[in-house]
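Participant: I have a structure I would like to understand better, so I am pasting it below and will then ask my questions one at a time.
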Amino acid sequence: MNIVRSVLTVASLLLAPAVFAQPASEPGKQLLDRTCTACHTIDTVMDQRNTKDRWSQVVDDMVSRGAQASDADLTRIVDYLGKIRAPKISVNTLNAADLTDASGLPKDSAAAIVDYRDKHGAFKNLDELKQAPGVDAAAIDKKKDLFDFSNGK
């Protein structure tokens, strides 16, 4: 029994740093999970893409149907959804200013995207977008789920 206890103690000491090193979940996600899954699955929410204003309307509707959370928590939920479930960004149709506004990319990167697109045609995928001169591939990778290439066929 002492051997088992010793093995478990050593294992817990070795695993503890990995457990504590895990990044904490975003508060908005925790609030979303706690508040919204009382009535429906999280997939129901995550299947949608809306502007922040539309998410606010959806959350207001859910409150009118009985969802319960403080005003501060509801604001955090709307902010979280507005950030992670915003509409896709069409890199093949937006001008540089709108691309900057929609994606948060720097103005010079957005201008480089539009300039390259104007000279070489529509982007077909993320790899093409990252290859455009003047574009920070790492910044594009961080936002990869936001981009839509449907008009680049």
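Participant: Among the listed residues 86, 72, which satisfies the condition of being open to solvent by 30 Å² or more (accessible area, probe 1.4 Å) and under 30 Å from residue 35 (Cβ atoms)?
Facilitator: Values: 86 fails: open to solvent by 30 Å² or more (accessible area, probe 1.4 Å).
From the options 86, 72, the qualifying one is 72.
Participant: May I ask you to list the residues in the range 1-60 that are at pLDDT 85 or above, of a type in the set (A, V, I, L, M) and part of a helix (DSSP H, G or I)?
Facilitator: Matches in the range 1-60: 31, 32, 42, 45, 46, 58, 59.
Participant: A further question follows. Under 9 Å between Cβ atoms, at least 6 apart or on separate chains: pull out the pairs that start in the range 121-139 with a residue that is without any contact (Cβ under 8 Å) to a residue 40 or more places away in the chain and closer than 15 Å to residue 94 by Cβ and end on any residue that is of a type in the set (Phe, Trp, Tyr) and open to solvent by 40 Å² or more (accessible area, probe 1.4 Å).
Facilitator: 123/116; 129/116; 132/116; 135/116
Participant: A follow-up question, please. Scan the range 141-153 for residues that are closer than 26 Å to residue 53 by Cβ and without any contact (Cβ under 8 Å) to a residue 24 or more places away in the chain and report the count.
Facilitator: Residues of the range 141-153 that are closer than 26 Å to residue 53 by Cβ, as a first pass: 142-151.
Imposing the further condition that a residue be without any contact (Cβ under 8 Å) to a residue 24 or more places away in the chain reduces the set to 142, 144-145.
Here the count works out to 3.
Participant: Can you confirm whether residue 105 is in contact with a strand residue (DSSP E or B) (Cβ under 8 Å, 6 or more places away or on another chain) and crowded, with 17+ Cβ neighbours inside 10 Å? Give the derivation first.
Facilitator: Numbers: in contact with a strand residue (DSSP E or B) (Cβ under 8 Å, 6 or more places away or on another chain): no; crowded, with 17+ Cβ neighbours inside 10 Å: yes.
No: the conditions fail for residue 105.
The values are calculated or read from the model by the stated rules, or taken from the named source; none is laboratory data. Just so we're clear, the structure is a prediction, and the values are computed from it rather than from any experiment. All Cβ positions, glycine included, derive from the backbone under ideal geometry; neighbour counts span all protein chains shown. SASA here: full protein model, heavy atoms, side chains in, ligands and nucleic acids out. Shrake-Rupley method; radii C 1.70, N 1.55, O 1.52, S 1.80 Å.
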